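The values are calculated or read from the model by the stated rules, or taken from the named source; none is laboratory data. Computed from a predicted model, the values in this text were never measured in an experiment. When we count neighbours, we look across all protein chains shown, and the Cβ atoms used for this are built from the backbone with ideal geometry, even at glycine.
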Amino acid sequence: MNVTPRHWIVSESGARWRKACWRFVPEWLGQSESLLVHSQPPGEVSARAERLGGGVLLWEIEWKQAAELPTLARMAASGAKRDDWLQIVAAASLTPRDRCALSEMGIAAFIRHPEDLPQLRRMVTGHFARVHRVLH
């Protein structure tokens, strides 16, 4: 049986979002799918995404990084060039203006806490189903 990898690239300062992926995402997978979680610093996400070919990008924005939103927007835009990546931002506080700007750059969803990740199950599984149909 062929196993299809489901890649998640997580760009964060700690490990809580990676742990959330391992906690929640495996139950979303079918028998022929496997979860692979990759940790990347923001500046290396695009290169890793190019090598992997599709999945979910989860960007953590900390309060101290809010001033760096233009930089994040540029990085998100580089991921948005590819339809095979679903982008999620994890941030405790973003203004509606920040959310709007990031949405225009290809961010599909915003979450605040790791426990919010299961709310995205339908979006994520739909994304993988769509990408799989396009590739095969």
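Quick rundown of the values:
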| quantity | calculated |
| --- | --- |
| Residue that is surrounded by the most Cβ atoms within 10 Å (Cβ to Cβ) [pool: residues in the stretch 102-126 that are touching a helix residue (DSSP H, G or I) at 6+ places or on another chain (Cβ under 9 Å) and outside any helix (DSSP H, G or I)] | 107 |
| Residue check for residue 44: out of contact with any helix residue (DSSP H, G or I) (no Cβ under 6 Å at 6 or more places or on another chain), surrounded by fewer than 19 Cβ atoms within 10 Å (Cβ to Cβ) and closer than 20 Å to residue 129 by Cα | no |
| Hey, residue 9 at pLDDT 80 or above, surrounded by 13 or more Cβ atoms within 10 Å (Cβ to Cβ) and over 16 Å from residue 113 (Cα atoms) or not | yes |
| Pairs, first without any contact (Cβ under 8 Å) to a residue 24 or more places away in the chain and in a strand (DSSP E or B) in the stretch 1-17, second buried (at least 22 other Cβ atoms within 10 Å of the Cβ) and aliphatic (A, V, I, L, M), C-beta under 7 Å, six or more apart | none |
| Residues that are more than 17 Å from residue 110 (Cα to Cα) and in contact with a helix residue (DSSP H, G or I) (Cβ under 6 Å, 6 or more places away or on another chain), drawn from the stretch 7-37 | 7, 28, 35, 37 |
| Test for residue 56: is it within 15 Å of the chain's Cα centre (by Cα), at pLDDT 85 or above and either closer than 23 Å to residue 19 by Cα or part of a helix (DSSP H, G or I) (or both) | yes |
| Any chance residue 34 is surrounded by fewer than 18 Cβ atoms within 10 Å (Cβ to Cβ) and touching a Lys or Arg at 6+ places or on another chain (Cβ under 7 Å) | yes |
